[in-house]
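Here the structure is laid out as structure tokens; the discussion comes afterwards.
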Amino acid sequence: KQWYQRRVRVYISGYTWYMSLPITSVSANTAIYMCACAAVFLISIPVLREKITVIKVLSLLICCTGIVLVSLFSAPDQADIKPNTTFTDNLLDVHPPPPDEQRGSVLGYILVLISMFMYASYEVFYGYLLQTDQDKHPAMTSLKLVGNLGLTTPVLFGLTLPIWHFTGWETLMLPPPDKMVLFFSSIILDAIFNIFLLLAIALSNPTLASVGQSLALPGSMVADLIIHHFLMPWPALIGAGCVFVGFCGFVYEELKHTNSRDTSTEVTTEDRRALLDSTSEESPPPYAESSLDDENSNVA
């Protein structure tokens, strides 16, 4: 039942997000969806008993602020960039949203919020599943979940897609032949992403894994600089720095909490050993008493 609920969350999250793309602005859509780390943290408080600290809250706020800056001040169309454009020109060229850009509808932003919260709950409840089951093989469990998602997708949508196609609800269209390589590449990369996301949740916690996903923004900026020789405007660079600082702050808090927990465990182990030593000195073991009784009976 729990595995089935997680698959339903993934499908609803993906479908509502794709439905929201045509009726929302790209910058707002990205900003809302990438702030899922805040939703993961809020859901983790009652579900996983996530500890609330000042550093965690400040790190999340800094990270979300950086996401909004990167989303709003990214270049709207990199196809217009000339090959001889200098880094300084792009750095100082702050692109506000175009006045004729589609701002989106209320329904579109509702769909984005639904998608974001469903995906956040998927991450949190996967962490809850690992905690309750005390899974000793998180890597195999992650592969099992991704495999189940891959097996159930053609079964579920193989039955519904033809119905949606003939009723006009969703038109089934295949990508053009020249885009097939990119199409299958995106499928493979998406599978790899899901595997490593679940592994990150299993080896750390859902909030840290979700905050780590936001590093894709500064990572994409570095890739853009290396591949396309394009430098983002300065507000976007500040936003990328905020994302990195927020992630480092959250990692620092998690490491501090882990070290304190390990220290308390070591103290408990030492106390147990001291208690056993003191007990063994005060009273002899049972086999010693039995041997002493045998000697007394032989003497008698």
**OP:** Output the residue which, of all residues in segment 25-47 that are out of contact with any Leu (no Cβ under 8 Å at 6 or more places or on another chain) and β-branched (V, I, T), is most open to solvent (accessible area, probe 1.4 Å).
**Re:** V26
Subject >> Exclusive hit being touching a Ser or Thr at 6+ places or on another chain (Cβ under 8 Å), modelled with pLDDT of 90 or more, of a type in the set (A, V, I, L, M) and within 30 Å of Q131 (Cα to Cα), set V40, V57 >> reply: V40
Subject >> Residue ID - farthest from Y119 (Cα to Cα), chosen from residues in segment 23-46 that are in contact with a Gly (Cβ under 8 Å, 6 or more places away or on another chain) and in a helix (DSSP H, G or I) >> reply: I23
**OP:** State which residue is nearest to T160 (Cα to Cα) when the search covers only segment 9-68 and only residues that are under 17 Å from the mean Cα position of the chain (by Cα) and hydroxyl-bearing (S, T, Y).
**Re:** Y11
Original post:
Here are some residues: S210, S220. Which one is under 19 Å from V70 (Cα atoms), among the polar types (S, T, N, Q) and either open to solvent by 20 Å² or more (accessible area, probe 1.4 Å) or without any contact (Cβ under 8 Å) to a residue 40 or more places away in the chain (or both)?
Top reply: S220
Original post:
Is there a residue being of a type in the set (S, T, Y), at pLDDT 75 or above and either in a helix (DSSP H, G or I) or open to solvent by less than 60 Å² (accessible area, probe 1.4 Å) (or both) anywhere in segment 131-140?
Top reply: no
Original post:
Does T65 satisfy being out of contact with any Leu (no Cβ under 8 Å at 6 or more places or on another chain), open to solvent by 70 Å² or more (accessible area, probe 1.4 Å), modelled with pLDDT of 65 or more and not in a loop (DSSP other than H, G, I, E, B)?
Top reply: yes
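The values are calculated or read from the model by the stated rules, or taken from the named source; none is laboratory data. As the structure is a prediction and not an experimental result, all values here were calculated from the model. Cβ atoms come from the backbone with ideal geometry, glycine included; neighbour counts cover every protein chain shown. Surface areas here come from the heavy atoms of the whole protein model, side chains and all, with no ligands, DNA or RNA. Shrake-Rupley method; radii C 1.70, N 1.55, O 1.52, S 1.80 Å.
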